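The values are calculated or read from the model by the stated rules, or taken from the named source; none is laboratory data. These figures come from a predicted structure and were not determined experimentally. Cβ: placed from backbone, ideal geometry, glycine included. Neighbour counts: every protein chain shown.
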Amino acid sequence: MKKETCPMSKEDIIFDLKKGLEAEYRAMGLCEKLIPLLDHELDKEDINKIIIDEKEHIEITNRLIEIVGKYYKV
């Protein structure tokens, strides 16, 4: 039986994760710029929740980049 290999190289995966990371930073930055333009406090709270979520995504993506860099062998 032939062993299956992943069609993506380590470098491809890290490249894609870094592109995703850039998008997370952009989304967070846009939300931060939006807050001062909002009048309603509930809207500001909702945008702050999105910022918190984006920060979590950034942490997760950075961790994935680290894991792939250390352990991915293809």
*Long-range neighbours under 6 Å by Cβ, at least six apart or interchain, first residue over 11 Å from Val68 (Cβ atoms) within region 1-20, second at pLDDT 90 or above and part of a helix (DSSP H, G or I)*: Gly20/Thr61
*asked:* List the residue pairs whose Cβ atoms are under 6 Å apart, where the first residue sits in region 34-46 and is free of Cβ contacts under 8 Å to residues at least 12 places away in the same chain, the second is of a type in the set (Val, Ile, Thr) and in a helix (DSSP H, G or I), and the two are 6 or more positions apart or on different chains.
replied: Lys44/Ile35
